[in-house]
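Shown next, in structure tokens, is the structure this report addresses.
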Amino acid sequence: MGVGTVIKRDSSCPLCGAQLTATELLDAGMELIDARFGVLSTLCPHCQGYLEVLPTSDRLDVGYTLGTGNLRFEVAVALPCPGLRVERAEKLLRLILKSPERTWEFRE
């Protein structure tokens with residue numbers, strides 16, 4: 001899966017414009033959409049709009065998946081999340097995210 005190259009680096013929801021943090025999006029996380037790619041579904045804590053996120057080291061990309069077969073993730077907003085680590089367990093269909101203060105686990 002490719003990742004889009006244009007990254008908007010502000011911290012507002014692409015749906016409602018409210019200020020977001022990576023932590024509140026991860027807290028609102030619903031499920032692991034695809035364990036291979038590590039994309040999660042979540043809701044904006046302000047407008048309750050559906051968002052897709054792709055956690056990476058030190059950052060949470062907010063956007064959406066495109067395509068069928070050859071999927072790619074198009075980034076709309078990149079939220080900083082210093083210290084975020086991503087651990088994938090593909091055979092168990094789960095994703096573990098660790099920051100210095102918190103841990104989240106999502107399953108497909």
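The values are calculated or read from the model by the stated rules, or taken from the named source; none is laboratory data. The model shown is predicted, which means the values in this text are computed figures rather than measured ones. Every residue, glycine as well, gets a Cβ built from its backbone with ideal geometry; the counts of neighbours run over all protein chains shown.
If you check Ala18, Ala89 for being at pLDDT below 85, in contact with a strand residue (DSSP E or B) (Cβ under 8 Å, 6 or more places away or on another chain) and surrounded by fewer than 15 Cβ atoms within 10 Å (Cβ to Cβ), only one passes: Ala89. One residue alone among Thr56, Thr23 is out of contact with any strand residue (DSSP E or B) (no Cβ under 8 Å at 6 or more places or on another chain), of a type in the set (Val, Ile, Thr) and either touching a residue at least 12 places away in the same chain (Cβ under 8 Å) or buried (at least 16 other Cβ atoms within 10 Å of the Cβ) (or both), and that residue is Thr23.
For residues that are among the hydroxyl-bearing types (Ser, Thr, Tyr) and not in a loop (DSSP other than H, G, I, E, B), scanning just the range 37-61, find the one that is farthest from Thr103 (Cα to Cα). Per the criteria, the residue is Tyr50. Among the numbered conditions (1) touching a residue at least 60 places away in the same chain (Cβ under 8 Å); (2) more than 13 Å from Ser12 (Cα to Cα); (3) out of contact with any helix residue (DSSP H, G or I) (no Cβ under 9 Å at 6 or more places or on another chain), the only one that Leu84 does not meet is (3).
Looking at the range 67-82 only, could you name the residues that are surrounded by 12 or more Cβ atoms within 10 Å (Cβ to Cβ), out of contact with any Leu (no Cβ under 7 Å at 6 or more places or on another chain) and either not small (Gly, Ala, Ser) or not in a strand (DSSP E or B) (or both)? Listed by number, the residues that qualify are Leu71, Val75, Val77, Pro80.
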